[in-house]
Amino acid sequence: MNDTFPLKYTRDDFRSDQVVRWCPGCGDYSILAQVQRVMPRICAETQTPRENVVFISGIGCSSRFPYYMDTYGFHSIHGRAPALALGLKIARPEMQVWVITGDGDGLSIGGNHLIHAIRRNIDVKILLFNNRIYGLTKGQYSPTSELGKKTKSSPYGVIAQPVNALGLALASRATFIARTLDTDAKHLQRVLLQAAHHRGTAFVEILQNCNIFNDGAFDNIKARDVRDDRLLFLEHGKPMRFGADGSKVLIPSGAAHDTHFAAVAEAGANMERALVHDEASENEGFMYALANMDYPEFPVPMGVLRAVEQATYEDLVEHQIEEARERQGPGDLQALLDAGECWTVE
Amino acid sequence: MSHSDAGREEPPESPELVESVIIRFAGDSGDGIQTTGALFTQDAAVSGHDISTLPDFPAEIRAPAGTVAGVSSFQLNFSSRDIHTPGDRPDVLVAMNPAALKTHLTDLIPGGMVIVNEDSFTPQSFKKAGIESDPREDGSLEGYAVHSLPVTSVTMRAVEPVGLGKKNSERCKNMFMLGVVCWLYDRDTDVIERLIDAKYASSDPLTAQANRLALQAGHSYADTARLVPHRYHVDQAQLPPGRYRRITGNSAAALGFVAASKLAGRTLVFASYPITPASDILHELARLRNFGIKAGQCEDEIAAMGAAIGAAYAGALGLTATSGPGLCLKSEAIGLAVMTELPVVIVNVQRGGPSTGLPTKTEQADLLQAMFGRNGESPVAIVAPQSPSDCFDMAIEAFRIATRHMCPVFFLSDGYLANGSEPWRVPSPEDLPQFSAPGLPDAEDFQPYGRDPETLARPWVTPGMPGLEHRIGGLEKQDGSGEVCYEPGNHERMVQLRAEKISRIADDIPALDVFGPDQGRLLVLGWGSTYGAIRTAVERSQSSGASVSCAQLRYLNPFPSNLGEILDRFDQVLVPELNTGQLRLLLRARFLKDVQGLNKIQGQPFRTWEVQKKIDSMLDHQVCKLRQDTADAVSPGGDTQQGGGS
């Protein structure tokens, strides 16, 4: 923390006076609570005054989020929050912008904007609340709903492959990708903090329970009795270790013709061979395979998968402006109006 | 003017003075017709003439060569008088191939001059153009002064020393033709050579050299061959003193937005998606990084609109530009700007619709879309420039209104204005209108939807202002606090407030001017780009003694506050529009006035004669009606004649 600029906020500084109107028991409550808890630390560590924090959302349950944060907030239209964030960041690069979206808002109607926001590497933090269902419209399938899932709009079962949000972000050349859980307060806060420190697009998928229309969507991986075996918490520079008491590791797959990139092995004898997580790895194939790991074949990866430094879009805009000014001088309106072949009438 | 070719053998005498010339260049879309036209226009402008241009080109970048589908044209009217249109029918047609001749010959005035490239008149090219025989020999060109010149072959010889190769040498033939035309109108090739050098000398010196040689060759060829016994000369126009440049509507709009950014003291963020005919605004603004202009291309039309709104929310001037189908995609986001009351400007360079329609052709059929094309009661301000250079002034107006009244503003240009050009008296930045920045509230009594008592604008509080943190969005707002509110009475009040805010802009825009007597038998009322044809037609009718006036609406929503009163002072009102009657519908609804329409939906601007003919018929008709009414008075119960609509 920089003590020339102490920014001492509390959780209450980020609570607006609005009554929170999600369904009782919704995973969104927990996410809101963790964001409000970690914001004082984020503001202090990133030297961002509260008035420079902006939450922008689209449409959906999660998109009500900005109303509950006592910061600047913009509840926009379905899927378009990344587009608004682009304009905002280009105009005011000093703003700390958080985009709140969901699996329908971000991966369906706004899928195109999400891809392009990520590939531009605009400095925004995108929190995608994935509950694998449309909640606000009362229970239709979403782009992350599993094959065969029966909903009001898919009474015979979903017949399209689900999207893996992290794989999509990676394919869009994301510079920061992470996954966390609504119910794991500590992990959620840690990932948010890491995202806030990243300069560039930080894409965070938050697995979130909709207790009304898709209750228990992630119980098969996060229930207390199975989570150790089914979740892999990645940490940069550490072996990919999971299971009760760290009893398992991921090791490189053996045979040359094996289509799998890794295999699960007992930790004891295989610690030497355990894969070590490198969030800056340039091995794209490996990263893609890691992002797509899923239960039951593999544990589901959590935490920061990828974090690399790269110039942001708005920095490059500013850089081009500086360069153009060095080369051509600052813009002179009269000279611009007079440009080209002019003539004078006496 | 009309040309005559007596075919005498003496050297060219002193040139024959003519007032105006309308010349049309036509050829394949790969023949460089637009470049040729633009260069000759620039030369005419720099020579001090008043000018007006009409480029017309196919949507296909390269339709099959030599076919009618691939014909591109460029018409220029240059004059020693003050002119407002590119002219109706050309005096001279320059046709680079048979397809161009076939397409444009019918427009040429009787006795007009035709200049063709004889090297392109081959049986093969006749077949491509879908004609049976050589038009030079089958009587098609009877009555015209025809000059058939070996353009390609002489060009090839002229540029041979440069060593460009066959294909690139042949491409210089448009410069040869331009040289011929320069000679014909009594001018040297200096200005055009300078323009060629400015474009190519550093990047491609060989092309520059070849183009200059072809140009000079054309000039010398015409001189040696004594193409006509008298060259023609157009005097300088009596334009008001000042510094001038030639400008297209899209360029003028781009410059206007840059000026608005300076005047407002705010960054201009321009987010756009490529679409004909609006893309040139993106090209112009993208070059101006040193002005701090943040212009960029988005992934789609929706993102461009969203980014403009995001920029406006951040306190910048948020701008986007599009055309027809692109506007449909932006509609939802424009509704968000209405609801969040943010100052964005949406340029719609209208083109023929619906759907993809006629991408390169002009139309005015998006007025009702601008007015009503969103869900809910969703009023916006609308301005419409009336000429290419007026795009500069109205671009500034659009942002002045948007920022003072906190609302989205439509800028309705069209393909004709966007690509057409005219001389523009370059203003000094001191002469431009000043922006009055709305004051900002104190933290204690800040309400996100509190309103300025005069304009009803809400405060433009932007992120970064401490103590004023608040939330906005697309859900209905509570009056004042801006909090989400579903209360029935509040919704009705907010709908009315948003409408009233727009209607109060009428107090902040100039009254409508009438050209001609401020009362009389007929008012011709236009909007946007029809100004030139209407004004010219009315001037002509007035000079033959008709009781007719005209006025041009540059503000469509709200209307100028004196519009109703003006309509009441005329017996009849005619509204010419390039649509089926959209302004007419609005006027009838608003003023309960039986306005008449003149409607053209051909992707082409009005010709002066079309407007004039309608004026004549309405005035004649009125005379008939008066007589009939008198007759009715003496014989009650007789048939009365109904006022004709169209």
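The values are calculated or read from the model by the stated rules, or taken from the named source; none is laboratory data. Values in this document were obtained by computation on a predicted structure and should not be read as measured data. Cβ: placed from backbone, ideal geometry, glycine included. Neighbour counts: every protein chain shown.
Data overview
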quantity	calculated
Filtered residues of region B:272-290 (kept if within 7 Å of another protein chain (Cβ to nearest Cβ) and touching a helix residue (DSSP H, G or I) at 6+ places or on another chain (Cβ under 6 Å))	B:ARG289, B:ASN290
Region B:63-98 - residue that is under 21 Å from B:PRO359 (Cα atoms) and hydrophobic (A, V, I, L, M, F, W, C) and, of those, nearest to the chain's Cα centre (by Cα)	B:PHE74
In region B:252-271, the residues that are under 17 Å from B:ALA311 (Cβ atoms), within 12 Å of chain A (Cβ to nearest Cβ) and not hydrophobic (A, V, I, L, M, F, W, C)	B:SER261, B:LYS262, B:ARG266, B:THR267
Output for region A:295-339, where each listed residue is surrounded by fewer than 15 Cβ atoms within 10 Å (Cβ to Cβ) and small (Gly, Ala, Ser)	A:ALA311, A:GLY329, A:ALA335, A:ALA339
Residue in region B:331-345 that is at the interface with another protein chain (Cβ under 10 Å from one of its Cβ atoms) and among the charged types (D, E, K, R) present	yes
Count of residues meeting criterion [away from every other protein chain (no Cβ under 14 Å), at negative phi and under 42 Å from the mean Cα position of the chain (by Cα)] in region B:472-489	1
Conditions (1) within 30 Å of B:SER279 (Cα to Cα); (2) surrounded by fewer than 17 Cβ atoms within 10 Å (Cβ to Cβ); number of the one not met by B:SER413	(2)
Enumerated helices (runs of 4 or more DSSP H) restricted to region B:143-215, each holding at least 1 residues that are surrounded by fewer than 19 Cβ atoms within 10 Å (Cβ to Cβ)	B:151-159, B:166-170, B:190-200
Number of the condition not met by B:PRO241 [criteria: (1) free of Cβ contacts under 8 Å to residues at least 24 places away in the same chain; (2) under 19 Å from B:VAL159 (Cα atoms)]	(2)
Residue match in region A:102-111 (condition: hydroxyl-bearing (Ser, Thr, Tyr), at pLDDT 95 or above and buried (at least 24 other Cβ atoms within 10 Å of the Cβ))	no
Residue within region B:490-511 that is within 13 Å of another protein chain (Cβ to nearest Cβ) and surrounded by 15 or more Cβ atoms within 10 Å (Cβ to Cβ) present	no
Residue within region B:427-447 that is within 12 Å of the chain's Cα centre (by Cα) and within 27 Å of B:PRO605 (Cβ to Cβ) present	no
Tally of residues being in contact (Cβ under 8 Å) with a residue 12 or more places away in the chain and either of a type in the set (Val, Ile, Thr) or touching a Pro at 6+ places or on another chain (Cβ under 8 Å) (or both) across region B:478-500	5
Residue that is touching a residue at least 40 places away in the same chain (Cβ under 8 Å) and assigned to a loop (DSSP other than H, G, I, E, B), where the choices are B:GLN386, B:GLN369	B:GLN386
Tabulated pairs, region B:265-278, first under 9 Å from B:SER323 (Cα atoms), second aliphatic (A, V, I, L, M) and in a strand (DSSP E or B), C-beta under 7 angstrom, 6+ apart or interchain	B:PRO277/B:VAL349; B:ALA278/B:ALA321; B:ALA278/B:VAL347; B:ALA278/B:VAL349
Residue within region A:81-92 that is closer than 18 Å to B:THR340 by Cα, in a helix (DSSP H, G or I) and not hydrophobic (A, V, I, L, M, F, W, C) present	yes
Residues of region A:28-85 satisfying the condition of being more than 23 Å from B:ALA312 (Cα to Cα), within 13 Å of chain B (Cβ to nearest Cβ) and touching a residue at least 60 places away in the same chain (Cβ under 8 Å)	A:GLY60
Per-region count, region B:513-535, residues crowded, with 24+ Cβ neighbours inside 10 Å and polar (S, T, N, Q)	2
Some residue of region A:195-214 being under 15 Å from A:ILE126 (Cα atoms) and free of Cβ contacts under 8 Å to residues at least 60 places away in the same chain	no
Residue match in region B:36-48 (condition: within 26 Å of B:PRO359 (Cα to Cα) and either of a type in the set (D, E, K, R) or out of contact with any Leu (no Cβ under 8 Å at 6 or more places or on another chain) (or both))	yes
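The rows are residues; the columns are (1) more than 17 Å from the chain's Cα centre (by Cα); (2) surrounded by fewer than 21 Cβ atoms within 10 Å (Cβ to Cβ).
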| position | (1), (2) |
| --- | --- |
| A:THR151 | yes, yes |
| A:PRO155 | yes, yes |
| A:ASP184 | no, yes |
| A:LEU188 | no, no |
| A:THR201 | no, no |
| A:GLN208 | no, no |
| A:ASN214 | yes, no |
